[in-house]
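The values are calculated or read from the model by the stated rules, or taken from the named source; none is laboratory data. On a predicted model such as this, the values are computed, not experimentally measured, just so you know. All Cβ positions, glycine included, derive from the backbone under ideal geometry; neighbour counts span all protein chains shown. Side chains are part of the model used for accessible areas, which takes the heavy atoms of the whole protein and leaves out ligands, DNA and RNA. Shrake-Rupley method; radii C 1.70, N 1.55, O 1.52, S 1.80 Å.
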Amino acid sequence: MFIQTEATPNPATLKFLPGRAVMQDGTLDLRDVDEAGRSPLAQRLFGVTGVTGVFLGSDFITVTKSDGEWPHLKPAILGAIMEHFMSGAPVLAAGEAADVIEEGEFFDPADAGTVETIKDLLETRIRPAVAGDGGDITFRGYRDGTVYLAMKGSCSGCPSSTATLKHGIQNLLRHFLPDVREVEAI
């Protein structure tokens, strides 16, 4: 098994590409060892000293570290990923599901058409680009011209995520939807 790695814009995260599907549907963002019980793969990764976050995408795994240097952590992480896939264990624990739909979306029903366009733009233009950097972004709400988005994976806590939101995503949404004034992370 050959696992590729890619740097992300967030220096605290590294993207691992195992060359096979990781999540069939949706994504899973695990921010601490207590949440890792949802995934045997995440449990193995949280077993590596210094790992503080695991994000599972369609064909990639993004690992966030708190301390230590990547040249020291990377071999242990690669070993954990390889060991997991070679064992044949499932990515998700029995009875667990991916985070496919965000709960608690908020918007005025009168803005349903605008929200539908925002979601379409997120799905077709923004999420694929963000996934390329080892993260994900999901719609959370829309109120008074402000779009609220949740940043996951390498995007969560990334130093350049504010620039991505304000200059990239906000400008794209404004181009297609003049009613959008700004974009905020939740």
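Okay, here's what the table says:
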item	result
Magnitude of the charge dipole, the stretch 1-148, Cβ model with Lys/Arg +1 and Asp/Glu -1, debye to 20	600 debye
Cα-based helix-to-principal-axis angle, 112-121 vs the chain, degrees rounded to 10	40 degrees
Apportionment of accessible area to carbon and sulfur, the chain, percent (1.4 Å)	51 percent
Derived scalar couplings ³J(HN,Hα) [the stretch 28-39; Karplus, 6.51 cos²θ - 1.76 cosθ + 1.60; whole Hz; x for Gly, Pro]	9, 10, 10, 9, 7, 5, 5, 6, 4, x, 6, 8
Using θ = phi - 60° and Karplus 6.51 cos²θ - 1.76 cosθ + 1.60, couplings along the stretch 60-74 (whole Hz; Gly, Pro as x)	8, 10, 10, 10, 10, 10, 9, 8, x, 10, 4, x, 8, 7, 4
Answer label, with Cα extents along the principal axes in Å calculated from the coordinates and candidates (1) 42, 37, 36; (2) 50, 34, 27; (3) 46, 35, 25	(2)
Gain upon complete extension [ALA21, GLU96; 0.36 nm per residue less C-alpha separation]	25.3 nm
Average accessible surface area per residue within the chain, 1.4 Å rolling probe, Å²	49 Å²
Most fluctuating residue given options THR49, THR62, THR13, as computed from a GNM of the chain linking Cα atoms under 10 Å	THR49
Three-way shape call for the stretch 1-95 based on the alpha-carbon gyration tensor, with the a/c threshold at 1.5	rounded
Cut-off under 5 Å, modelled amide H: who pairs with ALA12 long-range	none
